[in-house]
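Read the structure below first, then the notes.
The values are calculated or read from the model by the stated rules, or taken from the named source; none is laboratory data. Treat the numbers as computed from the prediction; the structure is a model and nothing was measured. Backbone-built Cβ (ideal geometry, glycine too); neighbour counts: all protein chains shown.
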Amino acid sequence: MIQELQKVPARQKDPAIPLVITIGSIHGGTARNIIADTVTMKGTVRTMSEEVRALAHKRIRDLSVNLARAHGADAKVEITTGEPVLVNDTAMVDLIREAVKDVVGSEKVFSAEPWTAADDFAFYCEVKPSVYFRLGVGNRDKGIDSGLHQPDFVVDEDALPIGAAVLIRAAQRFLSGPDS
């Protein structure tokens, strides 16, 4: 099942649009030498397109039901949609970019590659013009370089005042108008 699900991102959508299907939890059976009568798999679907997400959900349902049937079993698929695709507002991106330049200089500003993170901040983006930006809280010189959701993740707290200053400056620029 997992192998078949991994084919969906590779072969069944526009290759220019990212799609990640991850099965992160598998539970079944009661003993190592007894075939499980029920197995539960849980995972996540991440993409930057609602259309691709809908396609992935359909393919997960179809593959699960048909593969189980082919092996004389049944599959029940429950999909919780979760967070919507997060889309930054262009004007808000520009606002934050200018605020960062004001606070730490233009050499510290860069455009990060998009990634398929899931975050409830996306709900705000559906309602109000918003921007999800990365502050950069790692510091290799201090040995602070683990990724998010890693057991040894630590924030370089020296970055926090910079983040606060950027948000204050962005608020000042926003309240003062587009030419501030």
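Tabulated results
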{"quantity": "Selected residue (criterion: farthest from M1 (Cα to Cα)) from residues of the stretch 71-130 that are assigned to a loop (DSSP other than H, G, I, E, B) and among the basic types (K, R)", "calculated": "K128"}
{"quantity": "Total residues in the stretch 149-166, condition within 28 Å of G24 (Cα to Cα) and touching a residue at least 12 places away in the same chain (Cβ under 8 Å)", "calculated": "1"}
{"quantity": "Single condition G105 does not satisfy, out of (1) surrounded by fewer than 11 Cβ atoms within 10 Å (Cβ to Cβ); (2) touching a Gly at 6+ places or on another chain (Cβ under 9 Å)", "calculated": "(2)"}
{"quantity": "Subset tally (residues that are β-branched (V, I, T) and without any contact (Cβ under 8 Å) to a residue 24 or more places away in the chain) for the stretch 105-136", "calculated": "2"}
{"quantity": "Residues satisfying the stated conditions in the stretch 56-86, i.e. within 19 Å of A10 (Cβ to Cβ) and hydroxyl-bearing (S, T, Y)", "calculated": "S64"}
{"quantity": "Condition check for G163: assigned to a loop (DSSP other than H, G, I, E, B) and not aromatic (F, W, Y)", "calculated": "no"}
{"quantity": "Among (1) without any contact (Cβ under 8 Å) to a residue 60 or more places away in the chain; (2) touching a helix residue (DSSP H, G or I) at 6+ places or on another chain (Cβ under 8 Å); (3) not small (G, A, S) - the single one R169 does not satisfy", "calculated": "(1)"}
{"quantity": "Residue list for the stretch 18-57, filter: within 21 Å of F123 (Cα to Cα), without any contact (Cβ under 8 Å) to a residue 40 or more places away in the chain and in a loop (DSSP other than H, G, I, E, B)", "calculated": "S49"}
{"quantity": "Test: R69 is surrounded by fewer than 12 Cβ atoms within 10 Å (Cβ to Cβ) and either assigned by TED's automatic domain parsing to the domain that holds A117 or out of contact with any strand residue (DSSP E or B) (no Cβ under 8 Å at 6 or more places or on another chain) (or both)", "calculated": "yes"}
{"quantity": "Residues (surrounded by 12 or more Cβ atoms within 10 Å (Cβ to Cβ) and closer than 24 Å to T44 by Cα) located in the stretch 108-118", "calculated": "T116, A117, A118"}
{"quantity": "Test set (1) within 20 Å of the chain's Cα centre (by Cα); (2) more than 28 Å from R53 (Cβ to Cβ); (3) loosely packed, with under 11 Cβ neighbours inside 10 Å - V154 fails condition number", "calculated": "(3)"}
{"quantity": "Boolean, L5 is out of contact with any Leu (no Cβ under 7 Å at 6 or more places or on another chain), among the aliphatic types (A, V, I, L, M) and surrounded by 13 or more Cβ atoms within 10 Å (Cβ to Cβ)", "calculated": "no"}
{"quantity": "Selection status of S25, among the hydroxyl-bearing types (S, T, Y) and either within 30 Å of L175 (Cα to Cα) or surrounded by 13 or more Cβ atoms within 10 Å (Cβ to Cβ) (or both)", "calculated": "no"}
{"quantity": "Which numbered condition R140 fails, given (1) within 20 Å of E98 (Cα to Cα); (2) exposed (fewer than 12 other Cβ atoms within 10 Å of the Cβ); (3) free of Cβ contacts under 8 Å to residues at least 12 places away in the same chain", "calculated": "(1)"}
